[in-house]
Amino acid sequence: MAPVHHFLYLGAFLFSTGLIVIITKRNTIMVLLGLELMLNASNLNLVAFNSLHPGSLQGQMFALFVIVVAVCEAAVGLAIVLRVYRQYRTSVPDHVNELNQ
Amino acid sequence: MNAPLILFYFFEAAAAIAAVALLFARSVFYGALLVIVILLALAGLYVLAFAEFVAVTQILVYAGGILVVIIFGIMLTSRLSGKPLVVEHTLPVSGGLVGLAFFGALVYAIALQTFPTSESVAKTSTTFDATQTVGIALMSDYVLPFETTGILLLMALIGAAVMASDNASKKI
């Protein structure tokens, strides 16, 4: 079994990648994908630390609840993206700058 | 080199390479497929970290649910515009610098710590049926957050359906 700090390095790498994706991509769906990547990186850390404590389940439980909340976030986020797209005809977040259509 | 270690490095390399490819993806559809690769590789890593239930939930909910919804969203938005979605990049230098600096800080913080090796832990956890324990814990100790997330999921999905429906507007 691999040592736990390999999980942590991979989690840090995925979190940084998600951050770069959120900053650099000019598309709302790509930003949502970067957000999912960051949530998964934190989940990886939770599961990795839980593997150090075999009798305890708190890390796995928290990972499960994070997954459920990520489902809610993705569903609501995509509904907002579709609605904004119908309203403004663009999926570039910088172009959505009018308050009243 | 034993089989779990080889599998571990395989899944780790798959997730890392797909994440790097996501940075340079110009198409949203390819980006979604790369995220599916990352999620499946992470599910494999969860199995190797003795979290089988989280791994199956990851495959069912993330790779089967969220990404299908995201691909639906991509197809709907590209249908509305009539042309394929091509992603432009903004602030590549400063965004990359922010990410690299954050990664460096995290790696420095992790390298300072010493963690117990997993061999001593793995011996005690062989007789530990994780899935059954997770099920019992979800229905006993964690039943309040379980029900609360159920209500949150219901609210979010009803809200998403109401927001995405277009019977209120005459457009499209």
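Worth pointing out:
- Equivalent ellipsoid, the protein assembly as shown (semi-axes from 5 times Cα gyration tensor eigenvalues, Å): 35, 23, 15
- Heavy-atom surface of the range B:3-164, accessible at 1.4 Å and reported per residue (Å²): 56
- Among the residues of B:141-152, the average count of other protein chain beta-carbon atoms within 10 Å of the residue beta-carbon is 3.
- Cβ-defined net charge surrounding A:L44, 13 Å radius [Lys, Arg +1; Asp, Glu -1]: -2
- Chain A - Kirkwood radius from inverse mean 1/r over Cα pairs (Å): 15.3
- Averaged over peptide A:83-93, the number of partner chain Cβ atoms lying within 10 Å of each residue's Cβ comes to 4.
- Residue mean of other protein chain beta carbons inside 10 Å, B:19-29: 4
- Protection proxy ranking of A:30-37, B:21-28, B:130-137 - average other beta-carbon atoms within 10 Å, highest first: A:30-37, B:21-28, B:130-137
- ³J(HN,Hα) computed for each position of the range B:91-103 - Karplus, 6.51 cos²θ - 1.76 cosθ + 1.60, integer Hz, glycine/proline x: 6, x, 6, 6, x, x, 5, 4, x, 5, 5, 5, 4
- Tensor-based shape of the range B:3-164 (alpha-carbon gyration tensor, a/c under 1.5 rounded, otherwise prolate or oblate): oblate
- Helix A:4-24 vs. chain A, principal-axis angle (Cα, 0 to 90°, nearest 10): 10
The values are calculated or read from the model by the stated rules, or taken from the named source; none is laboratory data. Just so it is clear, the structure is predicted and the values come from calculations on it, not from any experiment. Note that we place each Cβ from the backbone using ideal geometry, even for glycine, and neighbour counts take in every protein chain shown. Note: areas computed on protein heavy atoms with side chains; ligands, DNA, RNA excluded. Shrake-Rupley method; radii C 1.70, N 1.55, O 1.52, S 1.80 Å.
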